[in-house]
Amino acid sequence: MKSSPSVKFKKTRPRRKICSALFYAEHDVVESGSKTLIYSVYSTLQSLDAEMNPMDSNGVQRFAILWGGDDVDTRVFATVEKALVEGVMSPVLFVHYAEGALSVVFDGRIANVVDKSFLDIWQYLAITAIWGEWSFTALVPEQLSNRFLSGRDLREYGKVILNREELGIEKYAMKHYLFHKDWDCQAYRKAMGYDQEDDGLDEVADFDSEIF
């Protein structure tokens with residue numbers, strides 16, 4: 001994937017809308033001109049906090065996958081599913097796979113409390129990937145600025161993801177309900193015929209809009 005200072009990006013509907021039984025595809029981000037796929041954003045139910053400790057109540061985790069080419073490699077979905085099952089996904093902001101190399105960028109605020117088991121499990125998931133034995137690297141966001149970092153896509157797009165997306169774990173709220181706008185006060189009043197002159201509702205997701 002190539003970029004330049006003039007490249008702009010667009011949010012689009014996910015190419016792989018049905019991707020996993022454990023997480024949901026929210027949207028893709030592509031280059032606005034070439035339509036090249038850059039990354040995808042997903043959400044999942046999460047019972048652990050960013051330090052991998054049980055929370056009092058389940059939350060919603062949003063994470064991204066930075067792709068290594070203009071296509072979705074579904075093997076990455078399997079690796080993320082296993083990470084969720086093993087309980088090592090909660091600190092993760094985004095993952096990147098390209099040419100046999102798996103990188104995980106996790107919340108730098110908890111770098112000092114992530115124990116060796118976190119790294120060991122991710123290493124195992126990488127080397128046991130479907131039809132591959134991937135190398136593995138764990139990074140915190142500050143390391144993405146290192147000009148010696150292996151992987152141009154990580155350097156070029158890692159900061160884009162972190163600056164443009166709200167990643168991490170949140171308490172469940174009404175906004176996470178995909179149809180919440182169908183049942184807000186304005187929509188309900190319109191459905192009941194109280195607001196006949198209303199111009200209409202916003203769409204659930206603003207796809208195909210230029211994000212910068």
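Quick notes on this structure:
- Overall, the anisotropy analysis places the stretch 14-150 in the rounded class: the square-rooted eigenvalues a ≥ b ≥ c of its C-alpha gyration tensor yield a/c less than 1.5.
- Net charge over other residues, Cβ less than 14 angstrom from the Cβ of Ser57 (K, R count +1; D, E count -1): -2
- Candidate lysines for bridging to Lys190, where Cα separation is under 19 Å - those fewer than 8 sequence places away on the same chain excluded: Lys181
- Neighbourhood charge, 12 Å Cβ-Cβ cut-off, centred on Pro91 and excluding it, Lys, Arg +1 and Asp, Glu -1: -3
- Legend: residue pairs Lys10/Lys175; Lys10/Lys171; Lys11/Lys159, Cα-Cα distance threshold 18 Å; pairs beyond threshold, Lys10/Lys175; Lys10/Lys171.
- Burial ranking of peptide ranges 103-109, 170-176, 59-65, 121-127 (average Cβ count within 10 Å, highest at the top): 59-65, 103-109, 121-127, 170-176
Computed from the coordinates by the stated procedures, all read-outs in this text should not be read as laboratory data. Nothing here was measured: the structure is a model prediction, and the numbers come from that model. Note that we place each Cβ from the backbone using ideal geometry, even for glycine, and neighbour counts take in every protein chain shown.
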